[in-house]
Amino acid sequence: MSKVSRRDFIGATIGATAIAGAGLMIGKQPRAEESIVVGSASVDRSITKPTDRVRLGKSGLTVSLVGIGTGSMGWGHSSNQTRLGQEAFTRLTRHALDSGITFFDLADQYGSNPYFRSAMKGVPRDRYIIQTKTNSRDPQQARADIDRFLKELDTDHIDSLIIHCVTERDWTTRYRGVMDVFEEAKRAGKIRAQGVTCHSLTALQAAAASDWVQINQVRWNPRGAHMDADVQTLGELFRKMRARGQGMIGMKVVGQGDIVGGLKSLTPETCFRFQIASSAVDAFVVGVEKVDHIDEMLRGTQVALNEFGYRIMAV
């Protein structure tokens, strides 16, 4: 998350009320005039800091507004965060926790469950919220995954369990068996909430219509990078999901790094600002790789909260 161009511009048409500002300061970096279109919502004035706990829709979960992702370039049970090694992974996540961040996004695909267990050794379980994910599409395998995850994390419950990387338009019928296993685990107290990460527009539309979905983790950034449709289309869909009571979590906040760091790129702070202003998500996670990135995320998000407030949808 390096400092980049001083001349950022957001032209995302994602809502109803346009707000234009000039010379906004984030950290020590001035920016030229920019325009951002803000989603219609009311402001919850009790949320004033990036580490304040916010509700994920009707799921019953409350998490810090900003969370830590552990899946940058994550595949094959490995990610940029786990490839740092256990010592650096622990330093990163413990700095986040000590800074007030309580939400940690893990996955089997990233291999981050056992790393997180070691990082949180000695920390009371009620100090943090765990979200993890399974790629299994077979009910028996999904059931085995849940029990394995509990052991890998050394916990008696997972706060949010996600069906990872769904692309099929008919996934709510095709994977009904896996969904039933999640419900079974919830009744047994093994998980608290269930959800999905979708990687196609049709899968997202199916999620929006599903009463089973409590949590949606969605790809959301101002340039539409690595997303499933254009910013306007998805902004409208995500706000409908959020208004319906589905917990909405933004990811790919800096577009997998593709929209920050170059002369014509956005600053990371602009991407954090977009999450707050859009009214499309309840919280967001960023796959940070350095302690300084955590501090930068908190500073940038604080500026956005000061400007826009924490925007909520009527549920």
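The values are calculated or read from the model by the stated rules, or taken from the named source; none is laboratory data. Bear in mind the structure is a predicted one, so any value in this text is a computation, not a measurement. Positions of Cβ are backbone-derived with ideal geometry, glycine not excepted, and every protein chain shown enters the neighbour counts. Heavy atoms of the whole protein, side chains included, go into the accessibility calculation; ligands, DNA and RNA do not. Shrake-Rupley method; radii C 1.70, N 1.55, O 1.52, S 1.80 Å.
Some observations on this one:
- Of all aspartates and glutamates in the structure, the ones whose alpha carbon falls short of 17 Å from that of LYS240, not counting any fewer than 8 places away in one chain, are ASP211, ASP228, ASP230, ASP282.
- For GLY67, the residues whose modelled amide H falls within less than 5 Å of its own, excluding neighbours fewer than 5 places apart on the same chain, are PHE284, VAL285, VAL286.
- Against the chain, whose longest principal axis comes from its Cα atoms, helix 268-277 is set at around 80 degrees.
- Translational diffusion of the stretch 191-278, µm² s⁻¹ [Kirkwood Rh, Cα pairs; Stokes-Einstein; 4 °C; 1.567 mPa s]: 97 µm²/s
- For the peptides 294-303, 175-184, the ranking by mean Cβ contacts within 10 Å, running from highest to lowest, is 294-303, 175-184.
- Heavy-atom SASA rank of LYS186, LYS49, LYS151 (probe 1.4 Å, accessible area, largest first): LYS151, LYS49, LYS186
- The Cα atoms of the chain cover 55, 42, 35 Å along the three principal axes, with the biggest extent listed first.
- Per-residue [θ]222 nm for the chain (sum of -39500 (n - 2.57) over DSSP H runs n ≥ 4, rounded to 500): -10000 deg cm²/dmol
- Working from Cα pairs under 8 Å separated by at least six residues, relative contact order for the chain is 24 percent.
- In this structure, the amide hydrogen of ILE215, modeled 1.01 Å from its nitrogen in the peptide plane, lies closer than 5 angstrom to those of GLN194, GLY195, VAL196, GLY247, counting only residues at least 5 positions away or on a different chain.
- Helix 139-153 axis, angle to the chain major axis (alpha carbon atoms, nearest 10°): 70 degrees
- Å² per residue, accessible surface of the stretch 246-315 at 1.4 Å: 31 Å²
- The chain - percent of accessible surface contributed by carbon and sulfur, probe 1.4 Å: 49 percent
- Surface/4 of the Cα convex hull for the stretch 137-224, nm²: 6.0 nm²
- Relative to the longest principal axis of the Cα atoms of the chain, the long axis of helix 231-244 lies at roughly 60 degrees.
- Only Cα sites of the stretch 106-158 enter the Debye sum here, all with the same form factor; the resulting log10 I(q)/I(0) across q = 0.24, 0.29 1/Å is -0.92, -1.24, listed in q order.
- Of LYS49/LYS186; LYS58/LYS252; LYS121/LYS290; LYS190/LYS290; LYS186/LYS290, those spanning more than 29 Å from alpha-carbon to alpha-carbon: LYS49/LYS186; LYS190/LYS290; LYS186/LYS290
- The stretch 227-315 shape via C-alpha gyration tensor axes, a/c threshold 1.5: prolate
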